[in-house]
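One structure is given here, and the rest of the page talks about it.
The values are calculated or read from the model by the stated rules, or taken from the named source; none is laboratory data. None of these values were measured; they are calculated from a predicted model. A quick note on method: Cβ atoms are made from the backbone with ideal geometry, for glycine too, and the neighbour counts reach across all protein chains shown. SASA here: full protein model, heavy atoms, side chains in, ligands and nucleic acids out. Shrake-Rupley method; radii C 1.70, N 1.55, O 1.52, S 1.80 Å.
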Amino acid sequence: MEEIKVSPDYNWFRSTVPLKRIIVDDDDSKVWSLYDAGPKSIRCPIILFPPVSGTAEVFFQQVLALTGWGYRVISLQYPVYWDLMEFCDGFRKLLDHLQLDKVHLFGASLGGFLAQKFAECTHKSPRVHSLILCNSFSDTSIFNQTWTANSFWLMPAFMLKKIVLGNFAKGPVDPKMADAIDFMVDRLESLNQRELASRLTLNCQNSYVEPHKIKDVAVTIIDVFDQSALSLEAKEEMYKLYPNARRAHLKTGGNFPYLCRSAEVNLYIQIHLRQFHGTRYAAISPSMVSAEELEVKESQLSADQDSDNDQ
């Protein structure tokens with residue numbers, strides 16, 4: 001495999017954070033792969049859900065940065081599930097296995113949709129304390145693929161990869177975004193036919209989020225102003241669905257801002273999680289709070305200055 005160009009931190013991440021494989025279903029082919037980093041005493045960690053093309057490794061920069069500030073972070077990769085309810089049931093079993101009552105969820109694209117559906121599915125006995133939705137959507141009909149969703153399982157892997165790659169940025173991009181795309185192509189190549197087909201099925205089978213079931217969940221929406229796979233209409237729909245959500249906008253970042261604009265995304269995650277400091281739903285070690293708050297303030301000042309310079 002070619003050396004990953006995204007960041008020298010990647011090899012450090014792979015060598016220091018162990019990958020765990022966990023089976024919670026009767027079907028032992030359904031394996032959850034995850035990186036669980038940071039203080040295990042934290043009972044309400046932030047869990048990261050990847051997009052269709054992603055694996056648990058795509059959030060390595062979030063895992064390294066946030067654990068450095070005392071957070072417990074779990075980045076995971078889903079097993080093969082063909083149905084949203086089946087996925088939600090499997091993830092609930094995983095939380096039970098990890099002995100986690102409630103969690104914060106960060107989801108990118110499909111990951112954000114699955115995070116919303118899980119919050120909705122468990123609303124009577126809530127398992128999701130808050131949501132961060134990055135370049136995500138609330139209704140699968142935006143992809144105009146609901147009619148083909150039931151045939152993805154028949155398609156060969158190369159055809160499925162072509163469908164996914166069709167949503168990647170075209171034309172010139174800055175070097176960090178180019179490296180992020182290369183990294184995601186590499187991750188996409190590591191997925192087999194069943195993994196890809198099942199994710200595309202979940203991404204496209206007819207379904208939408210029922211916001212009244214998760215109205216009490218704190219939400220932050222992160223999106224980009226430049227080219228991404230999401231239409232403006234899909235973004236506007238998210239704002240309508242969550243009128244009280246915090247909005248975090250990035251001028252650039254494309255489909256994968258958590259890779260190519262990781263410092264900004266990490267700052268927004270920290271700002272989102274700060275509202276839970278000092279409660280039983282804090283995702284950070286209490287001993288690290290003051291140092292982390294100082295870091296957030298410094299990062300905000302730096303971001304404000306950059307913004308002023310751009311104007």
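Quick look at the values:
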quantity	calculated
Verdict on K297 being at pLDDT 85 or above, surrounded by fewer than 17 Cβ atoms within 10 Å (Cβ to Cβ) and part of a helix (DSSP H, G or I)	no
T146 modelled with pLDDT under 95, surrounded by 20 or more Cβ atoms within 10 Å (Cβ to Cβ) and either among the polar types (S, T, N, Q) or in contact with a Pro (Cβ under 6 Å, 6 or more places away or on another chain) (or both)	no
Of all residues in region 14-33 being within 14 Å of G90 (Cα to Cα) and in contact with a helix residue (DSSP H, G or I) (Cβ under 7 Å, 6 or more places away or on another chain), the one that is surrounded by the most Cβ atoms within 10 Å (Cβ to Cβ)	W32
Answer from H212, H123 - the residue that is part of a helix (DSSP H, G or I) and closer than 29 Å to H277 by Cβ	H212
Single match in Q227, Q270 (criterion: part of a helix (DSSP H, G or I) and not hydrophobic (A, V, I, L, M, F, W, C))	Q270
Selection count where residues are touching a residue at least 12 places away in the same chain (Cβ under 8 Å), among the small types (G, A, S) and open to solvent by 30 Å² or more (accessible area, probe 1.4 Å), scope region 260-285	1
Unique residue being in contact (Cβ under 8 Å) with a residue 24 or more places away in the chain, of a type in the set (A, V, I, L, M) and open to solvent by 30 Å² or more (accessible area, probe 1.4 Å) when the list is M238, M288	M288
Candidate set: region 143-178, residues that are farther than 22 Å from E195 by Cβ and of a type in the set (A, V, I, L, M); chosen: the one farthest from the chain's Cα centre (by Cα)	V173
Conditions (1) under 30 Å from P211 (Cα atoms); (2) hydrophobic (A, V, I, L, M, F, W, C); (3) open to solvent by 60 Å² or more (accessible area, probe 1.4 Å): number failed by M159	(1)
Of all residues in region 71-108 being in contact with a Leu (Cβ under 8 Å, 6 or more places away or on another chain) and of a type in the set (S, T, N, Q), the one that is farthest from A149 (Cα to Cα)	S75
Counted residues, region 79-112 - those being within 18 Å of L196 (Cβ to Cβ) and among the charged types (D, E, K, R)	2
Test set (1) open to solvent by 10 Å² or more (accessible area, probe 1.4 Å); (2) under 16 Å from F106 (Cβ atoms) - C44 fails condition number	(1)
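Results for (1) part of a helix (DSSP H, G or I); (2) touching a Gly at 6+ places or on another chain (Cβ under 9 Å); (3) over 16 Å from V217 (Cβ atoms), shown as yes or no for each residue.
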position	(1), (2), (3)
L95	yes, no, no
Q99	no, no, yes
H104	no, no, no
G112	yes, no, no
K117	yes, no, no
L133	no, yes, no
V164	yes, no, yes
K170	no, no, yes
A180	yes, yes, yes
